[in-house]
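Structure, as structure tokens:
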Amino acid sequence: MKFIVSSSYLLKQLQVLGGIINTSNTLAILDNFLFELDKDSLRVSASDLETTISGTLEVECDSKGSIAVPARLLLDILKSFPEQPLTFVVEENNTIEISSNHGKYALAYANGEEFPKAIEISSPSSTVLQSDILATAISKTIFASGNDDLRPVMSGVFFQFSTEGLTFVATDAHKLVKYTREDVKASETADFIMPKKPLNLMKSILAGSEEDVLIEYNESNAKFVFENVELVCRLIDGKYPNYEAVIPKENPNKLTIDRSQFLSSVKRVSIFSNKTTHQIRLKIAGAELNVSAEDIDYSNKAEERLTCSYQGDDMQIGFNSRFLTEMLTNLTSDEISLEMSLPNRAGILTPADGLDEGEQIIMLVMPVMLNS
């Protein structure tokens, strides 16, 4: 078994796939890439048992076969090569020999049969999405998902497909993001919870891609097929919380302000906030927004005044500055709206401009109790 491939092309593909491999695996075979050769195509797979990702590469070859190659070792050697053709030859003594312009390198391989097979999805439903829409949906929501092992349903992103449109939701009980597309529709209603790790991997692969993504899913698994990559993962089991019930409907107090100016102000003022609560205070009266923070233990305090447009009653409300900063960073509009009802009810952040037709995004942040 022998094949020839460009070093930089192989490295680029393997770095993408290698993102799924855990640093410590329960099964030794999972520390490997599975190489499956079939004439001029090389299919490379990597897995952590929950998720399997495969990519197809074009190589010069005239044989068939499958082997498992140590991932870390292969990536390290490929990173050290300048661009050149590499010849891989599978020897009888369980080693694979790589020949470059400068030398030869041999590494041990394992039997490809031992590598776990990707899950076959039986009787799936399917939806086709543009890759840039999926990439945006992931990046706009994933930061709001939780890390609590006791509540696994909140540690992923909720995909909700219907004939009216698509909705993506993430929450960790302190903040919530709901991203909706009404310009893309599914053929039937379905919902599932995607884990964070494969989504992060997909986000990096989809960046800059213009291909469509085919999504196939059933009760327990989902499969994403795009360009020459296929990703199959196990879904998070459980019922997603009723997020609609948390979003306050009546919010008479509406603040509109320049996003980057507000973000810079929150970042500066939060340096002086309490390091445990990260609490900042927003005091709104007329067309003035006062942003302040205080750390009583160290006698640190900061206060800034910003001009804004505001309709509603004068009010004071406290927020965790880290959540507010994350949300303002993940919005891309020039201006944002912050809608509130009472100091103990959630505030709703929405972009005031810059959205596509049929695109909608709502970010909800829970307030913190102010020390009067």
*Given a cut-off of 32 Å, name the pairs among K178/K283; K203/K267; K178/K275; K12/K223; K140/K283; K104/K196 whose C-alpha atoms lie farther apart than that in the structure shown.*
K104/K196
_Please report the net charge: other residues with Cβ closer than 14 Å to the Cβ of N218, K and R +1, D and E -1._
-4
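What net charge do the residues around L57 carry, taking every other residue with its C-beta under 12 Å from that of L57, with Lys and Arg at +1 and Asp and Glu at -1? Mind dumping the intermediate values first?
Numbers: positive: K12, R43; negative: E36, D38, D40, E58, E60, E227.
Cβ neighbours under 12 Å give a net charge of -4.
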*Any chance you could look up the accessible area of T189 with a 1.4 Å probe, heavy atoms only, rounded to 10 Å²?*
110
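Between R305 and T276, what length comes free when the chain is fully extended (0.36 nm per residue of separation minus the Cα-Cα distance, one decimal in nm)?
Computed gain between R305 and T276 is 8.0 nm.
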*For region 41-55, in order, what is each residue's ³J(HN,Hα) by Karplus, 6.51 cos²θ - 1.76 cosθ + 1.60 with θ = phi - 60°, in whole Hz (x at glycine and Pro)?*
10, 10, 9, 10, 10, 9, 8, 10, 6, 6, 10, 10, 10, 10, x
*Mind pulling the angle between the C-alpha long axis of helix 321-330 and the longest principal axis of the chain? Nearest 10 degrees, somewhere in 0 to 90.*
60
*Accessible area of region 255-372 belonging to carbon and sulfur atoms, whole % at 1.4 Å probe*: 46
*For N32, residues with placed amide H under 5 Å, excluding near neighbours*: A71
*For an R0 of 41 angstrom, estimate the FRET efficiency from the Cβ-Cβ distance between D148 and K104 and round to the nearest 0.05.*
0.25
*Put +1 on the Cβ of every Lys and Arg and -1 on every Asp and Glu Cβ in the chain; which of T163, L231, I193 then has its Cα farthest towards the positive end of the dipole?*
I193
*Using a basic spin-label model with each label point 7 Å from the Cα along Cα→Cβ, how many nm lie between T87 and H174?*
5.8
*Would you calculate, for the chain, the mean residue ellipticity at 222 nm contributed by helices, counting each DSSP H stretch of 4 or more residues as -39,500 (n - 2.57) and dividing by all residues, to the nearest 500?*
-5500 deg cm²/dmol
*asked:* Give the average over all directions of the projected area of the C-alpha convex hull of region 238-345, one decimal, in nm².
replied: 8.0
*May I ask you to evaluate 6.51 cos²θ - 1.76 cosθ + 1.60, the Karplus curve with θ = phi - 60°, for each residue of region 13-29 and list the ³J(HN,Hα) values in order in whole Hz, giving x for glycine and proline?*
5, 5, 5, 5, 5, x, x, 8, 6, 6, 5, 10, 10, 6, 9, 4, 4
*Taking the Cα centre of region 1-155 as origin, work out the dipole magnitude from +1 charges on Lys and Arg Cβ and -1 charges on Asp and Glu Cβ, in debye rounded to 20.*
320
*Which whole-number percentage describes the relative contact order of the chain, with Cα contacts under 8 Å and a sequence gap of 6 or more?*
13
*Go ahead and run the numbers for FRET between R234 and E326, Cβ-Cβ distance against an R0 of 35 Å, rounding to 0.05.*
0.80
*Check the straight Cα-Cα distances from K39 and name the aspartates and glutamates below 17 Å, setting aside those fewer than 8 residues away within the same chain.*
E58, E60, D62
_Please compute the per residue accessible area over region 52-143 with all protein chains in place, 1.4 Å probe, rounded to a whole number of Å²._
50
*Dipole size in debye (nearest 20) for region 153-311 around its Cα centre, Lys and Arg Cβ +1, Asp and Glu Cβ -1?*
720
*Pull up all non-local amide H partners of L235: gap of 5 or more, or a different chain, and H-to-H distance under 5 Å with H placed in the peptide plane.*
N221, A222
*Take the Cα atoms of region 50-187, find their three principal axes, and give me the spread along each one in whole Å, biggest first.*
57, 33, 31
_Through the Karplus equation 6.51 cos²θ - 1.76 cosθ + 1.60, θ set to phi - 60°, convert the phi angles of region 157-170 into ³J(HN,Hα) values in whole Hz; use x for Gly and Pro._
10, 8, 9, 10, 9, 8, 6, 8, x, 10, 10, 10, 10, 9
*Determine the dipole magnitude for region 251-372: charges of +1 sit on the beta-carbon of Lys and Arg, -1 on that of Asp and Glu, nothing else is charged, the reference point is the Cα centre, and the result goes in debye to the nearest 20.*
520
*Springs between alpha-carbon atoms under 10 Å, Gaussian network over the chain: tell me which of P252, P198, P116 tops the mean-square fluctuations.*
P252
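The values are calculated or read from the model by the stated rules, or taken from the named source; none is laboratory data. Remember, it's a predicted structure, so these values are computed and weren't measured experimentally. Please note: Cβ atoms are built from the backbone with ideal geometry, for glycine as well, and neighbour counts cover all protein chains shown. Only protein heavy atoms, including side chains, enter the accessible area calculation; ligands, DNA and RNA are left aside. Shrake-Rupley method; radii C 1.70, N 1.55, O 1.52, S 1.80 Å.
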